[in-house]
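The values are calculated or read from the model by the stated rules, or taken from the named source; none is laboratory data. Given the structure is predicted, the values throughout are model-derived calculations rather than measurements. In this analysis, Cβ positions are derived from the backbone assuming ideal geometry, glycine residues included, and neighbour counts consider all displayed protein chains.
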Amino acid sequence: MTKRRRNWLAAVTVILFIGVLLAGCWDYRELEKRAIIVGIGVDELPPATSKGKKMRMYQVLVQVVEPAGAGGNMGAGGSTQATSRKAYTNIVITTPSFSEGIERIVSLSDRIPNMAHLQLIGVGETLAKNGINELYDFLTRLPQMRRHTEIIVLDGPVSRFFTTPSISQPSPALHMAEMAANVQRTLVMPESNLGVVSKSVRGHIPFILVTASLDENKNINMKQAAVFDRQKMVGTLSTDQMQDLSLLQNEIERGLLSFPCSGGKKTGLQVLAGRSRIEPAMRNGRPHVTFKLSLQTELIEYQCLGASFDKQEQIRKAERLYGAELKKRLITTANKLKDKYKVDVFRLTTRLKNYPDLYKAIRNDPKTFMEQMVVDVNVKLRIRTIGSSLETPSLKVNP
Amino acid sequence: MQGLEQRPAISPTQLFMLAFGLIVGVGFLIMPRGAMEKAREDAWLTVILAGMCAILSLWLITRVARMFPHDTVFDYNTKLFGSIIGSLFNILWGLYFLFFTVTGIRVMAEVVREEMLPFTPVEVIIAAMLLVLVYPAWNGLMPIIRMFESGLPVTLLLIVMFFLLAYLRADWAELRIPFQEGVTPIISALPQTIYSYLGFEVLFLYYPFVTHKDKAFASTSFAIVAVGLFYAFLVLGTLVTLGPDVTTTQTFPVVTMAKTIEVVRQFVERAELLLIILWLPLAYTTHLGFFFSSAFSFHRTFPRLALRWWMVILLPLVFILSLIPDNFIDMQTWSDKVGLVGLFLTIPYPLIMLVCIVVRRRLGHLSSPRKDGDVT
């Protein structure tokens, strides 16, 4: 073989080799052959016995999107009930192990599970109360897991949440994930996703998860939150408590603050921006924490009729009034939460890092710290805009 | 370099690129964990301190190299320690670079498989990387340096911009006023951190090819400073995004930090894939530099075999050795051992050499040093 021919042959071999490597055909799988999981719902079942020992059992519901838009609901036994062109399939598995359960999708649906696009993890209340440690380990060990994946507590049977239809989203899991993200994006709820849970669990700090429930019309709503300490659900927060906690935790984004007027009517202030700082001190051996809250707001509704905002003093008066009301409300909530849970729901453990005495005290004995803590709140509320109207109409004024 | 190319001539900028490209490789993905295990919130100070130690070590290396401006370490090892011990040291250099490549490539393959190509065997990832290593190394040092020059600035700029996105979601409450726990935690975290600066010791090998020897120390120290700033930026990033408790429990904390990035909800869903795409060129330059240095060391020790033959021999060796450790944790014990050898070669070894030089000169076995600033 001549040198020229040898070179030509080598060049062709290299090109063919590179072609095979770069074409991406090796181990290629069609989208329809992948089970892209967008949501999982997990609840705890009564324990099973294995070799004389009690073993935690879980019911895992896996929601897989159907790229073709047609699917069905698959029950625990693997039987498929065909429905009219659903964009998702639910697969329910009873298992002691999450990974084993998810791998069983292969035998139930002939597809390879892919959790890289998981949007929502729904935790049943029984599991939440018994502890999410095993679920947490599984989720945080998975390399594909995103830290922004929403985790919520489901107040009711898991399967009902994952079959509730949505108008805007193709699958219930995506609907709940979007709802949870929106709830957290507003003032209503401190941020709570897999990243925050992971940070809290590792730092031995309590955390809060959005709770979804079903109303009488079988619609999903997210008006409550669950408090977790040491990976176990220890209580719930009402909508107002969630909002107050967001303000105290410095998780302030756009949201609505309501203040009551007479006769059940309200004044609405839209939060434009805000910040909550803490001023801690150890006085006579007791921790004192002052939350210094500064809020920029916009007056969007004023049902306390008859007021006029054409003078600066009147705006100042409203600012003082609502500032004082907010302060009272926050102090009440803070005291209630610390007395009820005796855990650091205010995320003080992280925020006290630059105060060595207090940091050491809360790290060593958070319960005593919370019992002894004296809370004070300073609110600096500013109304930056009153909208297009200077005066609110009064019913008493004759036309 | 024995007919492979014209004698290399490394400019100060090229030296900067060479040092930077060699130092920043795979270690920085893991480094915040090691630094934060002991120093916790003060880990960024440990990183800066480790950088200062590296500059001190570099000063020692340049002091030695300046005594033999036209020789590589392989030439003056035998002059200082005699032919047997000198040759043993030369082999140690070759093995050190070889195992550095082995550990680096395996860690890279583990990261790529875990985060990007879960169904691709590690063997395939390693083989693909090795094939692209040989191509630029085949024609000697200068193509490698030019590759560093052309790729590194853009890669670095993009990777810094990428990590700035993680800073958007920073929790600054995680930061702490320094030295609250004293200096002991900062110093005790130093050994795990200093490994990440290894790479500048190649100056022992390539000093004779540096055109402006008077600027060799400055160029390489600038590279170390740049690496230090980059590392401090990353450690600070993991601290304010993950916090010390999460960082110390993650296999690859920097990859986990990338997972906190969400540009627009559900638009850039898995940002860590972007990180891996940006990081691979950095890993590649390190593997390339160390692989070539290994072949270069063996070639200088056993010059009868041409440099290209050494590359051909070392290539399958790297492949086989990199597959020996059972898992990533096993690989890390290998990395720690390589790091220890690296520490020996960067601090005690130049000190021993300086002592030998003084003793040999007193005994009249060595002539006085040549002037600085010689142009080869």
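Remarks
- Cβ pairs under 7 Å, 6+ apart, first in region B:246-262 and closer than 15 Å to A:Arg146 by Cα, second of a type in the set (S, T, N, Q) and outside any helix (DSSP H, G or I): B:Thr256/B:Gln250
- Those residues of region B:333-347 which are buried (at least 17 other Cβ atoms within 10 Å of the Cβ) and of a type in the set (Ser, Thr, Tyr), in sequence order: B:Ser335, B:Thr346
- Candidates B:Ile177, B:Ile194, B:Ile186 - the one that is under 14 Å from B:Leu45 (Cα atoms), surrounded by fewer than 22 Cβ atoms within 10 Å (Cβ to Cβ) and among the β-branched types (Val, Ile, Thr): B:Ile177
- The listed residue being assigned to a helix (DSSP H, G or I), within 14 Å of another protein chain (Cβ to nearest Cβ) and more than 19 Å from A:Pro190 (Cα to Cα), out of A:Asp357, A:Asp339: A:Asp357
- Considered as a group, the residues in region B:158-200 that are small (Gly, Ala, Ser) and part of a helix (DSSP H, G or I) include one that is nearest to the other protein chains (Cβ to nearest Cβ), and that residue is B:Ala173.
- In region A:130-144, the residues that are free of Cβ contacts under 8 Å to residues at least 24 places away in the same chain and either under 15 Å from the mean Cα position of the chain (by Cα) or surrounded by fewer than 18 Cβ atoms within 10 Å (Cβ to Cβ) (or both): A:Asp137, A:Arg141
- Single unsatisfied condition, B:Arg113 versus (1) of a type in the set (Lys, Arg); (2) out of contact with any helix residue (DSSP H, G or I) (no Cβ under 6 Å at 6 or more places or on another chain); (3) farther than 16 Å from B:Phe20 by Cα: (2)
- Across region A:277-292, the number of residues qualifying as in contact with a strand residue (DSSP E or B) (Cβ under 9 Å, 6 or more places away or on another chain), exposed (fewer than 13 other Cβ atoms within 10 Å of the Cβ) and of a type in the set (Gly, Ala, Ser) comes to 0.
- Tally of residues being out of contact with any Leu (no Cβ under 6 Å at 6 or more places or on another chain) and away from chain A (no Cβ under 12 Å) across region B:268-285: 10
- Unique match (being surrounded by 21 or more Cβ atoms within 10 Å (Cβ to Cβ) and either among the basic types (Lys, Arg) or in contact with a Cys (Cβ under 9 Å, 6 or more places away or on another chain) (or both)) among B:Arg300, B:Arg304: B:Arg300
- The sole residue among B:Leu345, B:Leu242, B:Leu280 that is modelled with pLDDT of 90 or more and farther than 27 Å from B:Leu18 by Cα is B:Leu242.
- Scope region A:22-68; condition assigned to a helix (DSSP H, G or I) and either at pLDDT 90 or above or among the hydrophobic types (A, V, I, L, M, F, W, C) (or both); matching residues: A:Leu22, A:Leu31
- Qualifying residue in region B:195-205 (condition: closer than 30 Å to A:Ala177 by Cα and either modelled with pLDDT under 90 or out of contact with any Ser or Thr (no Cβ under 8 Å at 6 or more places or on another chain) (or both)): no
- Among residues of region A:197-209 that are under 15 Å from A:Thr149 (Cβ atoms), those with a Cβ under 8 angstrom from a residue that is of a type in the set (D, E, K, R), sequence gap 6+ or separate chain, pair up as A:Ser198/A:Arg147; A:Lys199/B:Asp245.
- Close Cβ contacts (under 6 Å, 6 or more residues apart or on different chains) running from residues in region B:119-148 that are more than 14 Å from chain A (Cβ to nearest Cβ) and farther than 30 Å from A:Gln144 by Cβ to residues that are of a type in the set (A, V, I, L, M) and surrounded by fewer than 17 Cβ atoms within 10 Å (Cβ to Cβ) comprise B:Gly140/B:Leu4.
- Taking region B:62-81 as the range and being among the aromatic types (Phe, Trp, Tyr) and more than 20 Å from B:Ala218 (Cα to Cα) as the test, the residues that pass are B:Phe74, B:Tyr76, B:Phe81.
- Some residue of region A:258-270 being touching a residue at least 60 places away in the same chain (Cβ under 8 Å), touching a Cys at 6+ places or on another chain (Cβ under 9 Å) and either closer than 15 Å to A:Arg329 by Cα or aliphatic (A, V, I, L, M) (or both): yes
- Criterion: crowded, with 21+ Cβ neighbours inside 10 Å and touching a residue at least 12 places away in the same chain (Cβ under 8 Å) - qualifying residue of A:Arg230, A:Arg185, A:Arg160, A:Arg147: A:Arg147
- Verdict on A:Val158 being closer than 28 Å to A:Leu348 by Cα and among the β-branched types (Val, Ile, Thr): no
- If only residues of region B:253-264 that are more than 9 Å from chain A (Cβ to nearest Cβ) and within 18 Å of B:Ala43 (Cα to Cα) are counted, the one that is surrounded by the fewest Cβ atoms within 10 Å (Cβ to Cβ) is B:Val254.
- Yes/no for B:Val107 being within 27 Å of B:Lys259 (Cα to Cα), in contact with a helix residue (DSSP H, G or I) (Cβ under 8 Å, 6 or more places away or on another chain) and surrounded by 18 or more Cβ atoms within 10 Å (Cβ to Cβ): yes
- Only one entry in A:Leu330, A:Leu295, A:Leu326 is among the hydrophobic types (A, V, I, L, M, F, W, C), in a strand (DSSP E or B) and surrounded by 14 or more Cβ atoms within 10 Å (Cβ to Cβ), namely A:Leu295.
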